[in-house]
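I have placed the structure first, in the form of structure tokens, so that the comments after it can refer back to it.
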Amino acid sequence: MSEKKQQQPILEIRNLLIEFGHGRKKNKAVKGVNFDIYKGETFGLIGESGSGKTTVGRAIIGIQPISDGTVYFNGRVAHGKPPDLNKLNVKISHNIRIMRMNQKTTTNRLNEYLDEFKRTYHKYIDSKYYDLKTKQLKEYDDGVDRAIAEGVDLKSTNIISVKRDKNLNYVTESVKDNLKRLLKIIRIQEKTIQFVDSIAQNVEVDKKLRKAIIKYQDQTYKIVLQAKALENKIYENLELIKAIREAVLNSKYKSISKFFKDLGKLLELIVQDHKKISVLLDQARNMHYFNLDLSSTDRGRKTHIETIERRIISNTEKQKFELVAELEQMRELLQLPHIQKQVREVENYKIPNKKERHNLKQEMQMIFQDPASSLNDRMHVEGIIAEGLENFPHLFKSQEALQTYIEWSNHDKPESEWITAEDVKPKDVKKFLISQLLSSVGMLPEHLSRYPHEFSGGQRQRIGIARALVMKPSFIVADEPISALDVSIRAQVMNLLAKFQKELNLTYVFISHDLSVARFVSDRIGVIYRGDLVELADADELFSNPLHPYTKSLLSAIPLPDPEQEKSKTHFKYEPEKEHFDYITDFPKWTEIASGHHVYANDRELKIHQQNFKTK
């Protein structure tokens, strides 16, 4: 793996997002996937049906639209678009705005819940009515004593109210929404900082501008992390309140004073942290204005400069000279060319034009999963394979192809019967190339005139392989190329793929749900689950030291050849809700835990994985 790290990847996947549906019905099939593939290797992409592996493969080739993210091939954009700093910052701004709105509504709900808490407290402790308008205590008109005595099982009382639960449930859902938005902001911020760092290698960005971008992104990032820490505390305290209420319903509370003391202490902490978050969100919004200024493009830059000038005048009058100096520096930076313009002018980040996209189709080919449906039943085999050559005529009209045909034709003939270049027609060379390739995949020349339905599954897959290879690609996505075949045919197809990889120096993405097959053919394996890449390592390392519980469950599902061993084997059951119970507060991230071994885990899980490495 260390040797690979020194190479330039042939393919780089960055923050790949693929969505299906529209509006609120959008479903994320692939969620921000990142990985590299190196020249000459076979990269296995493994997962169960519906995990997103085929969707990733189709996106690499360009037949699946990409919602966000970029596919780089040989160091240049192949599909998708490079990150846009302005759009990323607008997304951050949107999430901060929604969170601030949530804060205001949550404040109202918290106040309502606190009022109910006070009323309930005075009712069951003092047997008095607490008037929410006058904030005064009154005696009940009926003279009935409503106080709950110590030692009474609170389950038998009305201390737990469904009416009061509504406000509490709303606060809990609001906190969850804020935590999810904080996760989005943190990931966008990390993506932004990573992009600014990476473009320094290819784009000549003014040092002051780059330094300012990193400075303000970093400052916003730190404020957001503080808000996340407080939201975590609020969520944990809300869970404790929930536990107290469940304890009452389970007859574990028989002290009314302890109930109110425990509940009141948690509510006090929640209110304190909630107020701090409101302050931090205001700070994040104000700081993020600078990020929006610095990343503004031609269309909005004039407006940003005008806003800065108004702020300079306003803050000068208020004698906030430190802020005025910062705003003046910002105005100076906005006179420079905006960073996105510089990015667009660099070859590495240019969106491919029509001709370049056409050429990519030759360089990158795909072998499809179903050999029956991927071939046109109305075309004979020669037409199916020739279709690609007709779109790229230089493949059979080149001097090299012509010379190869002449040498083949003149072989074993007397010199008097030799043909020359003038005697050869392009269609003869094309048919020769097709026949040669068909023979190399184990088919016969007479098969050229037949149709796909006349062949077995294995033969159809060979035709599919020939159709891909005739384009002379350097990169192939093999989407479960053997899953629809009989066991006896699978080995033949796998041997063919290995043979062509060596002869033609091909790079493969091998997509499969079968880990045992992937281990046989792959140099490295990436495991994908519900659109997230959860683990990536060398094939042998993944099998000997699986980390993610989903990987463990896949490995335990591989059948053993010995029936007795298979019966006694313990299957690892993957239960995401139990395994990742704290993902709402401790966000998972993509981490290289050992050389070449990456895993998607949060801080708690990473500590466990690191401990496992130490003990081995």
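The values are calculated or read from the model by the stated rules, or taken from the named source; none is laboratory data. Only a predicted model underlies this, so the values are computations on that prediction, with no experimental measurement involved. Neighbour counts are summed over all protein chains in view; Cβ atoms, including those assigned to glycine, are modelled from backbone coordinates with ideal geometry. Ligands, DNA and RNA are stripped out before the accessible areas are found, and what is left, the full protein with its side chains, is counted by its heavy atoms. Shrake-Rupley method; radii C 1.70, N 1.55, O 1.52, S 1.80 Å.
General remarks:
- Gyration tensor verdict on the stretch 379-450 (Cα atoms; rounded if a/c is under 1.5, prolate if a/b is larger than b/c, oblate otherwise): oblate
- By average C-beta atoms within 10 angstrom, highest first, the peptides 568-581, 342-355: 342-355, 568-581
- Sum of side-chain charges, L269 neighbourhood, beta-carbon under 14 Å (Lys, Arg +1; Asp, Glu -1): -1
- Neighbours of Q194, meaning other residues whose beta-carbon lies under 11 angstrom from its beta-carbon, give a summed charge of +1 when Lys and Arg score +1 and Asp and Glu score -1.
- Sequence-distant lysines (8 or more away, or on other chains) whose Cα lies within less than 17 Å of K430: K397, K472
- About the Cα centre, charge dipole magnitude for the chain (Lys/Arg +1, Asp/Glu -1 at Cβ), debye: 2540 debye
- Contact order normalised by residue count of the chain, Cα under 8 Å, 6+ apart, percent: 18 percent
- The local environment of L16, defined by Cβ-Cβ distances under 15 Å, has a net charge of +4 under the rule Lys, Arg +1 and Asp, Glu -1.
- Straight-distance crosslink candidates among aspartates and glutamates, where the alpha carbon sits under 12 Å from K128 and sequence neighbours closer than 8 are dropped: E139, D141, D142, D145
- Close amide H partners of K589, meaning residues 5 or more places away or on another chain with modelled amide H under 5 Å apart, are A601, N602.
- Which of D131, D145, D126 is most accessible, then next, and so on - probe 1.4 Å: D145, D126, D131
- For the stretch 429-515, relative contact order (Cα pairs under 8 Å, six or more residues apart, normalised by length) works out to 30 percent.
- Computed magnitude of the charge dipole of the stretch 85-343 (debye, nearest 20; Cβ of K, R +1, Cβ of D, E -1): 460 debye
- Listed residue pairs exceeding 31 Å between alpha carbons, taken from K215/K242; K39/K354; K39/K552: K215/K242
- Eligible aspartates and glutamates near K341 by straight Cα distance, threshold 17 Å, same-chain separation 8 or greater: D84, D197, E204, D206, D293, D298
- Counting DSSP beta bridges with both ends in the chain, the antiparallel % (nearest 5): 65 percent
- Rounded percent of accessible protein surface that carbon and sulfur make up, the stretch 379-450, 1.4 Å probe: 50 percent
- For K341 and D370, a Förster radius of 56 Å and the Cβ-Cβ distance give a FRET efficiency of 0.80, rounded to the nearest 0.05.
- Total charge dipole magnitude, the stretch 379-450, about the Cα centre, Cβ charges on Lys, Arg, Asp, Glu only, Debye to nearest 20: 280 debye
- Listed cross-link partners K91/K302; K184/K578; K87/K176; K176/K254 are compared with a 27 Å cut-off, the Cα-Cα value being larger for K176/K254.
- Farthest toward the positive end of the dipole of the chain, out of M366, A212, I465, is the Cα of A212, where the dipole comes from beta carbon charges about the Cα centre.
- Heavy-atom surface analysis with a 1.4 Å probe gives the stretch 484-523 a carbon and sulfur content of 51 percent of its accessible area.
- Taking the accessible area of the stretch 85-343, probe 1.4 Å, and keeping the other protein chains in place, the carbon and sulfur fraction comes to 50%.
- Taken one residue at a time, the phi angles of the stretch 419-434 give Karplus couplings (6.51, -1.76, 1.60, θ = phi - 60°) of 9, 10, 4, 5, 7, 9, 9, x, 5, 5, 5, 4, 5, 4, 4, 5 Hz. Gly and Pro are set to x.
- Remark: the chain carries 53 Å² of accessible area per residue (probe radius 1.4 Å; ligands, DNA and RNA excluded).
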